[in-house]
1. On the given criteria, is VAL123 under 22 Å from SER135 (Cα atoms), modelled with pLDDT of 80 or more, open to solvent by 20 Å² or more (accessible area, probe 1.4 Å) and assigned to a helix (DSSP H, G or I)?
2. Read through the list (1) touching a residue at least 24 places away in the same chain (Cβ under 8 Å); (2) farther than 26 Å from GLY139 by Cβ; (3) of a type in the set (A, V, I, L, M), then give the number of the only condition that ILE74 fails.
3. Quick one: in region 253-263, of everything that is at pLDDT below 85 and open to solvent by less than 80 Å² (accessible area, probe 1.4 Å), which residue is farthest from SER146 (Cα to Cα)?
4. Exactly one of these conditions fails for LEU2: (1) more than 17 Å from the chain's Cα centre (by Cα); (2) under 20 Å from LEU138 (Cα atoms); (3) open to solvent by 60 Å² or more (accessible area, probe 1.4 Å). Give me its number.
5. With TYR52, TYR25, TYR60 as the choices, which residue is surrounded by 13 or more Cβ atoms within 10 Å (Cβ to Cβ), within 20 Å of GLU87 (Cβ to Cβ) and in contact with a Ser or Thr (Cβ under 9 Å, 6 or more places away or on another chain)?
6. Taking region 1-38 as the search range and keeping residues that are assigned to a helix (DSSP H, G or I) and acidic (Asp, Glu), which one is modelled with the lowest pLDDT?
7. Take SER97 and decide whether it is part of a helix (DSSP H, G or I), touching a Phe, Trp or Tyr at 6+ places or on another chain (Cβ under 9 Å), surrounded by fewer than 24 Cβ atoms within 10 Å (Cβ to Cβ) and of a type in the set (S, T, N, Q).
Amino acid sequence: MLETIAILNILLPFLYAITTAAYVYDFFKERKSINNAKRIILFITLLFHLVYLFSRMIEYDHPPITNKFEIFSILAFSIAFSYFVLELLTDIRGTGSFIIFFSLVFQIVSSISIEDNYIVPDVLRNRLLGLHVISALLGYSGITISAVYGILFLILYKNLRSSRFGIIFNRLPSLEILEKLSFYSVVIGFILLSIAIFIGIIWLPSAFPNYSYTDPKLVSTGFVWVVYLSVILSKYILTWYGKKVIIFSLFGFLLTMLSLILTSILPNTFHAFY
């Protein structure tokens, strides 16, 4: 199995590069043949990536979350998978190149830098912890995809206001669809983050008897959850739409990133084993 893991580790960046190239080519050329094939290419890439992740988990007897380069690979998969689900739900395929590029970057860094000879704390071998972390990463991937769609919305909005009708105008979906894609991504990310929080609440007392709910990363995650709950409520209760809800969502994303950066440098957390 070690040989399989090594081969897949080398193969995955090439698969993501091919997938990204297919989506970029379709964005500029818009050929019907590649439009149908690129989703199949993405599915094959995700399938190989899933085999790689499960192979690592079986071979090393722990979820692939024990160091930042394993997490980078999970992030690559999470972003691509979240986009794949969104594409299946909406059947809108013209924005994949802007999303899958991030998976390509994360997987390249992971494949180049990942190591296999290191000591893994027993707490990181827990399968429930693996599900908790992967759900959280999928949630943050949905939030990130939402931010990308929000930026595309603002770019297209600016082009329309300036009466510039170039490649962006011709290839991107309408403002209404970009807003829906951004909001759907927020909802998907929020649900997955809620699942991660729920699993964490179940797992935490058994893993850390002396835990505290004032832990910086717990507070940070709760803050992110509240921010995106507010985004969703602003859409359904305050009936916000268009640029207003997009800017609110992007503001939430900036607060989320700032919160994660600040808490990642704080030493007094039981998440320090990451």
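1. Answer is no for this residue.
2. Failed condition: (2).
3. If we take residues in region 253-263 being at pLDDT below 85 and open to solvent by less than 80 Å² (accessible area, probe 1.4 Å), then THR263 is farthest from SER146 (Cα to Cα).
4. Evaluating LEU2 over (1) more than 17 Å from the chain's Cα centre (by Cα); (2) under 20 Å from LEU138 (Cα atoms); (3) open to solvent by 60 Å² or more (accessible area, probe 1.4 Å) leaves (2) as the failure.
5. Step by step, each of TYR52, TYR25, TYR60 is checked, and only TYR25 is surrounded by 13 or more Cβ atoms within 10 Å (Cβ to Cβ), within 20 Å of GLU87 (Cβ to Cβ) and in contact with a Ser or Thr (Cβ under 9 Å, 6 or more places away or on another chain).
6. Checking each candidate, the answer is GLU3.
7. Here the answer is yes, as SER97 does meet what is asked.
The values are calculated or read from the model by the stated rules, or taken from the named source; none is laboratory data. Remember, it's a predicted structure, so these values are computed and weren't measured experimentally. Don't worry about glycine lacking a Cβ; one is built from the backbone with ideal geometry, like all the others, and counts go over all protein chains shown. Remember, those area values only see protein heavy atoms, side chains included, never the ligands or the DNA or RNA. Shrake-Rupley method; radii C 1.70, N 1.55, O 1.52, S 1.80 Å.
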